[in-house]
Amino acid sequence: MAIDSQTVTTPTPTPTPTGPAGGLRPGTPGSDRLTGRAKLVLFVLCAAQFMVALDFSVLNVALPVLGKDLGLSRSALQWAVTAFALPSGGFLLLFGRIADLYGRKKLFLLGLALFGAASLLATLAWDPASFLAGRALQGLGAAVIVPTGMSLLTTTFPEGPLRDKAVGISGTLLSLGFTIGMVLGGVMTDTLGWRSTMGLLSVTAVIVLALAPGLLPESRTPDRPRLDVPGAVTVTGGLLALIYSLSSAAQRGFGGVDVWGTLLAGLVLLVAFAVVESRTPAPLVSLPMLKRRTIAWGNFAGLVTFSMMSTVVFVLTLYLQETLGLSSFRTGLVFGVQGVASAVAGSFAPRVIGRFGARRTLTGSLLGQGLFTAALLAVGADSGALVATVAVSVASMFHLGAIISYGLTVTSRVPDAEQGLATGLVTTTQQVGLTIGIPLLGVLATTQTSLFGGVRTVLVADAAIVVAAAVLVGVGLGAGRTRKA
């Protein structure tokens with residue numbers, strides 16, 4: 001696909017890019033060199049993904065101050081997170097498919113505008129309702145930006161070394177966004193106030209929105225089948241109910257009637273979605289696509305790596321602050337080291353994938369993540385900050401490798417016409433993974449008499465799940481029989 005301003009509708013899986021006269025080509029299949037214009041395109045797409053990742057974590061350390069300023073009770077503070085998570089996870093598949101049909105660039109720009117305006121509303125919030133409205137609209141904007149940005153990346157850079165490099169950089173910045181957000185949020189809240197964290201996001205959205213129209217190509221499917229409305233309603237409703245249930249469980253446990261009610265409703269709607277998709281002539285999700293080994297096992301691996309690493313970060317934060325008594329700043333430094341390690345891993349991941357293939361890299365990365373999660377069991381009740389820093393940093397390096405290789409595994413050999421769907425599945429898996437890990441395992445740390453004992457229980461379960469997943473994914477993908485993704 002060309003990096004130019006023309007609409008591209010050719011549904012070939014690995015198009016050879018052609019630019020306008022005098023334009024810069026992103027490269028050709030087999031090439032690993034990014035042209036100047038291709039670097040600018042990659043910068044814009046990665047900046048948008050980084051901005052969304054930053055939003056997931058930058059506000060966390062500011063919640064107590066925010067609550068006092070706006071009058072949010074401690075129990076109500078969860079909605080500062082949940083209000084964003086609900087639409088950002090629930091609408092991903094829907095917007096990914098709409099972008100396939102009506103233009104990825106158009107929807108991407110719309111998402112940026114919505115995200116920027118919502119961030120401004122959250123910055124200027126005068127009461128809890130206005131702030132939560134801003135957060136919900138931010139989540140809706142993120143649900144547009146993430147799948148469209150990812151599909152623009154995979155359709156712009158041809159499959160091979162160029163796409164490996166582009167996805168590697170994007171995955172690295174995604175991981176860094178979460179980590180930097182935790183550190184930056186604390187610094188900005190202490191020096192400029194909590195509103196500065198939302199203001200930063202608004203400014204970033206404006207900058208990306210100013211650069212994107214002249215750089216990004218438009219792309220969509222060559223034909224426009226009717227949108228699968230019943231499928232859209234059931235999958236969106238199911239994901240919303242599921243994310244609400246698990247987010248609530250993370251805060252209050254599984255004892256509430258609303259938690260079980262919404263969990264059951266979500267599962268029923270997702271089953272109804274599968275039935276609808278098997279009968280409609282133009283499904284939102286092609287069930288035969290889900291039967292592909294790369295898509296099924298790739299997304300399973302993504303679900304495991306995101307859910308289990310988010311759980312490690314959660315329990316490690318509790319351990320460092322409540323067991324060892326580290327300050328928020330020193331805890332942030334631990335995760336800062338983790339972020340640097342992830343960046344290093346991101347720079348090497350494309351070479352590793354080029355050498356061993358995405359499937360083998362995915363299997364090995366999951367195995368490494370699981371083993372170094374188990375290494376965290378070496379920490380003690382009185383000391384262990386250094387061991388924790390080293391072990392979680394190395395585990396995060398393997399985690400970053402899993403993020404990049406699972407994205408490539410799922411989107412490889414997928415026609416351009418279905419890239420929005422494939423990347424929508426990738427990002428939905430990511431969001432659901434980030435949501436379910438803590439309520440499923442994290443509660444084991446907070447409900448036991450001894451916090452340190454609870455942390456160890458979580459780490460054992462976490463490591464076992466990731467290692468088992470590595471074995472299943474390796475067998476399911478046939479990683480030992482094939483070298484390339």
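The values are calculated or read from the model by the stated rules, or taken from the named source; none is laboratory data. No experiment lies behind these values; they were computed from the predicted model shown. So basically every Cβ, Gly included, is an ideal-geometry build from the backbone, and we count neighbours across all protein chains shown. Note: areas computed on protein heavy atoms with side chains; ligands, DNA, RNA excluded. Shrake-Rupley method; radii C 1.70, N 1.55, O 1.52, S 1.80 Å.
Has segment 376-393 got any residue that is assigned to a loop (DSSP other than H, G, I, E, B) and buried (at least 20 other Cβ atoms within 10 Å of the Cβ)?
yes
Quick check on segment 139-149. Is at least one of its residues surrounded by fewer than 22 Cβ atoms within 10 Å (Cβ to Cβ), modelled with pLDDT of 90 or more and not aromatic (Phe, Trp, Tyr)?
yes
Can you confirm whether segment 80-99 contains a residue that is surrounded by fewer than 24 Cβ atoms within 10 Å (Cβ to Cβ), at pLDDT 75 or above and not in a helix (DSSP H, G or I)?
For segment 80-99, residues surrounded by fewer than 24 Cβ atoms within 10 Å (Cβ to Cβ), at pLDDT 75 or above and not in a helix (DSSP H, G or I): absent.
Listed here are the residues, each with its yes/no results for (1) in contact with a Leu (Cβ under 6 Å, 6 or more places away or on another chain); (2) modelled with pLDDT of 80 or more.
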residue: GLY237; (1), (2): yes, yes
residue: SER286; (1), (2): no, no
residue: PHE306; (1), (2): yes, yes
residue: VAL313; (1), (2): no, yes
residue: THR317; (1), (2): no, no
residue: GLY332; (1), (2): no, no
residue: GLY339; (1), (2): yes, no
residue: VAL344; (1), (2): no, yes
residue: ALA349; (1), (2): no, yes
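Checking the condition surrounded by 20 or more Cβ atoms within 10 Å (Cβ to Cβ) and of a type outside the set (Val, Ile, Thr), which residue from GLY346, GLY325, GLY364, GLY354 passes?
GLY346
Within segment 416-435, does at least one residue satisfy the condition of being farther than 19 Å from THR305 by Cα, modelled with pLDDT of 70 or more and crowded, with 19+ Cβ neighbours inside 10 Å?
No, every residue in segment 416-435 fails to be farther than 19 Å from THR305 by Cα, modelled with pLDDT of 70 or more and crowded, with 19+ Cβ neighbours inside 10 Å.
With respect to the numbered conditions (1) modelled with pLDDT under 75; (2) within 25 Å of ILE243 (Cβ to Cβ), which one is the sole condition not fulfilled by GLY407?
(1)
Among the listed residues VAL315, VAL304, VAL285, which satisfies the condition of being in contact (Cβ under 8 Å) with a residue 60 or more places away in the chain, open to solvent by less than 30 Å² (accessible area, probe 1.4 Å) and outside any helix (DSSP H, G or I)?
VAL285
Please specify each residue of segment 125-138 satisfying the condition of being open to solvent by 40 Å² or more (accessible area, probe 1.4 Å) and of a type in the set (A, V, I, L, M, F, W, C).
Answer for segment 125-138, where residues must be open to solvent by 40 Å² or more (accessible area, probe 1.4 Å) and of a type in the set (A, V, I, L, M, F, W, C): TRP126, ALA129, LEU132, ALA133, LEU137.
Is it fair to say THR331 is more than 20 Å from the chain's Cα centre (by Cα) and open to solvent by less than 10 Å² (accessible area, probe 1.4 Å)?
Considered against the rule, which asks whether it is more than 20 Å from the chain's Cα centre (by Cα) and open to solvent by less than 10 Å² (accessible area, probe 1.4 Å), THR331 comes out as yes.
Are any residues in segment 50-66 hydrophobic (A, V, I, L, M, F, W, C) and either within 15 Å of the chain's Cα centre (by Cα) or at pLDDT below 80 (or both), and if so, which ones?
Listed by number, the residues that qualify are PHE50, MET51, VAL52, ALA53, LEU54, PHE56, VAL58, LEU59, VAL61, ALA62, LEU63, VAL65.
Out of everything in segment 288-297 that is within 23 Å of the chain's Cα centre (by Cα) and not charged (D, E, K, R), what residue ends up being surrounded by the fewest Cβ atoms within 10 Å (Cβ to Cβ)?
LEU290
For segment 252-276, what are the residues that are in contact (Cβ under 8 Å) with a residue 40 or more places away in the chain and surrounded by 20 or more Cβ atoms within 10 Å (Cβ to Cβ)?
Selection gives PHE273, VAL276.
Of the residues LEU200, LEU176, only one is assigned to a helix (DSSP H, G or I), touching a residue at least 24 places away in the same chain (Cβ under 8 Å) and open to solvent by 50 Å² or more (accessible area, probe 1.4 Å); which?
The conditions single out LEU200.
What is the one condition in (1) closer than 20 Å to ALA395 by Cβ; (2) of a type in the set (Val, Ile, Thr); (3) within 21 Å of the chain's Cα centre (by Cα) that VAL285 does not satisfy?
Going through the list (1) closer than 20 Å to ALA395 by Cβ; (2) of a type in the set (Val, Ile, Thr); (3) within 21 Å of the chain's Cα centre (by Cα), VAL285 breaks only (1).
For VAL337, indicate whether it is over 30 Å from SER450 (Cβ atoms), in a helix (DSSP H, G or I) and open to solvent by 40 Å² or more (accessible area, probe 1.4 Å).
no
What are the pairs, 6+ residues apart or on separate chains, where a residue within segment 183-196 that is farther than 12 Å from PHE329 by Cβ has its Cβ under 8 Å from a residue that is of a type in the set (Asp, Glu) and open to solvent by 20 Å² or more (accessible area, probe 1.4 Å)?
Pairs that qualify, where the first residue is farther than 12 Å from PHE329 by Cβ and the partner is of a type in the set (Asp, Glu) and open to solvent by 20 Å² or more (accessible area, probe 1.4 Å), are TRP194/ASP69.
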